[in-house]
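Input: a single structure, listed below in structure tokens.
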Amino acid sequence: MEHRAQVRIDGAAIAFNIALLKEMSSVDLLAVVKADAYGHGLIETGLIAQKNGANWLGVALLEEAIALRTKGVQTPILAWLLPPGSDFRAACQHDIDVAVACIAAFNEISALKSRARIHIELDTGMTRGGFLDEWSEFLTLDFSQVEVVGVFSHFARADEPSEKQNIDQLNRFNVMISDLAAIGIHPPIQHISNSAATLKNHAAAFTMVRTGIAMYGLTPDIKTLGDSPSLGLKPAMQLRAKLHLVKKVTAGSPVGYGATAITQVDTTLGVVAMGYADGIPRIAQGVGVFINGARAPIIGRVSMDQFVVDLGAESTAQSGDWVVVFGDGFRGEYTADDWARASSSINYEIVTRIGPRVPRIYAPHVY
Ligand SMILES: *Cc1c(COP(=O)(O)O)cnc(C)c1O
């Protein structure tokens, strides 16, 4: 079936980014594929990562981990968002390592018949996941019924490498690892670095890094760390859509709901077959699409399934032509970062929010 919109994922770009990040950190790499691999497709991306050097896969949800196992992923998998009451038995059955961040979950895991593989999550200063107030009590528990494979934490400000909080969190991480050593627990795998830390804080690599956004070729923070090309990364995702309709209009035509825009001159408009139901931010302004080597900005409000762009009076675009909504930017097209800026968001949100009704195609980008 011919699509009206598609996400194209360049597996070679993901492989390139994994190789770059592994070379930078010189330790094992856990490929973060939560949230449908940041919109890139959980299973396909997991398989691409597995084939191209990822030592581990990481997800938030147990369902995500089980889906990967069911589709034949054999790489070790860590799932880190399992509250008490989760199906820890299923995790064991599918050979999935689980993060433990509270005593209630630890007790449920210890009570299983099989010995679960756990990674102890530490709150070293982000004040989100991980042990904090329960830590001293946790250290008194019986660890004989579990296999402690790893210990990990997460940086709150790795995208601001000179912030003191990074040093404080690293110090706290080391102290808590010593607390475990003091009771005879020596987790072989220690990890705290996300993409930003992997790129900018090599001293924090420990035995493994957990990279999400950079593996997809996107910068963790364009303001503090620079854009993808400056970091040597290749954006893997291109979003394209078809022009449902191209029409000539006269100056003074009100465009879209609320008539928030009015054409200033005679021009050609293109109706793009995507909208906020597909993840196009409704508030985005100042971005648009790329066609025939030129940018065409959004005019008027984004609707549920469509938005309108100003192609310019001289445009030769036809109804049914493909346009690039965003890509790697190397030819002048808009990027996920451009869309993020235009909607007061971040590239993470732009790629993860692309809806399930947009098919993912695993092939090189096209123009
Ligand atoms: C999402 C997530 C990551 C990946 O973060 P990036 O900034 O995308 O590299 C790493 N670790 C944990 C615990 C996460 O939740």
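The values are calculated or read from the model by the stated rules, or taken from the named source; none is laboratory data. All of these numbers come straight from a predicted model, not from anything done at the bench. Virtual Cβ from ideal backbone geometry, glycine too; neighbours counted across all protein chains shown. When the accessible area is computed, the model is the full protein with side chains, heavy atoms only, and any ligands, DNA or RNA have been set aside. Shrake-Rupley method; radii C 1.70, N 1.55, O 1.52, S 1.80 Å.
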Long-range neighbours under 7 Å by Cβ, at least six apart or interchain, first residue in contact (Cβ under 8 Å) with a residue 60 or more places away in the chain within the stretch 104-121, second open to solvent by less than 70 Å² (accessible area, probe 1.4 Å) and small (Gly, Ala, Ser): His119/Ala99; His119/Gly150
Selection from the stretch 259-287 of residues that are closer than 19 Å to Gly355 by Cβ and in contact with a strand residue (DSSP E or B) (Cβ under 7 Å, 6 or more places away or on another chain): Val271, Val272, Ala273, Met274, Gly275, Asp278, Ile280, Ala284, Val287
Filtered residues of the stretch 343-354 (kept if touching a Gly at 6+ places or on another chain (Cβ under 6 Å) and buried (at least 22 other Cβ atoms within 10 Å of the Cβ)): Val351, Ile354
Residue list for the stretch 256-296, filter: among the β-branched types (Val, Ile, Thr) and within 34 Å of the chain's Cα centre (by Cα): Thr260, Val271, Val272, Ile280, Ile283, Val287, Val289, Ile291
Lys51 vs. criteria farther than 21 Å from Ala99 by Cα and either charged (D, E, K, R) or surrounded by fewer than 19 Cβ atoms within 10 Å (Cβ to Cβ) (or both): yes
Only listed residue being basic (Lys, Arg) and within 13 Å of the ligand (Cβ to nearest atom), chosen from Arg210, Arg172: Arg210
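This table checks each residue for (1) touching a helix residue (DSSP H, G or I) at 6+ places or on another chain (Cβ under 8 Å); (2) in the same structural domain as Arg353 (by TED's automatic domain parsing); (3) not in a loop (DSSP other than H, G, I, E, B).
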site: Gly252; (1), (2), (3): no, yes, no
site: Met274; (1), (2), (3): no, yes, no
site: Arg295; (1), (2), (3): no, yes, yes
site: Asp305; (1), (2), (3): yes, yes, no
site: Val308; (1), (2), (3): no, yes, yes
Count of residues meeting criterion [in contact with a helix residue (DSSP H, G or I) (Cβ under 6 Å, 6 or more places away or on another chain) and either farther than 13 Å from Met176 by Cβ or β-branched (Val, Ile, Thr) (or both)] in the stretch 119-145: 2
Of all residues making up the stretch 319-342, the number that are in a loop (DSSP other than H, G, I, E, B) and open to solvent by 10 Å² or more (accessible area, probe 1.4 Å): 10
Any chance Ile43 is open to solvent by less than 60 Å² (accessible area, probe 1.4 Å), over 22 Å from Leu122 (Cβ atoms), among the hydrophobic types (A, V, I, L, M, F, W, C) and in contact with a Lys or Arg (Cβ under 8 Å, 6 or more places away or on another chain): yes
Search result, residues across the stretch 26-42 that are over 19 Å from Pro220 (Cα atoms) and over 14 Å from the mean Cα position of the chain (by Cα): Ser26, Val27, Asp28
Hits in the stretch 1-24 - residues which are under 26 Å from Lys200 (Cβ atoms) and in contact with a Leu (Cβ under 8 Å, 6 or more places away or on another chain): Asn17, Ile18, Leu20, Leu21, Lys22, Met24
Matching residues in the stretch 114-148 - criterion: being open to solvent by less than 10 Å² (accessible area, probe 1.4 Å), more than 12 Å from the ligand (Cβ to nearest atom) and part of a strand (DSSP E or B): Ala116, Ile118, Ile120, Phe131, Val146
Unique match (being within 19 Å of Phe143 (Cβ to Cβ) and either at pLDDT 95 or above or more than 16 Å from the ligand (Cβ to nearest atom) (or both)) among Val98, Val73: Val98
So Thr70, is it in the same structural domain as His202 (by TED's automatic domain parsing), surrounded by fewer than 19 Cβ atoms within 10 Å (Cβ to Cβ) and among the β-branched types (Val, Ile, Thr): yes
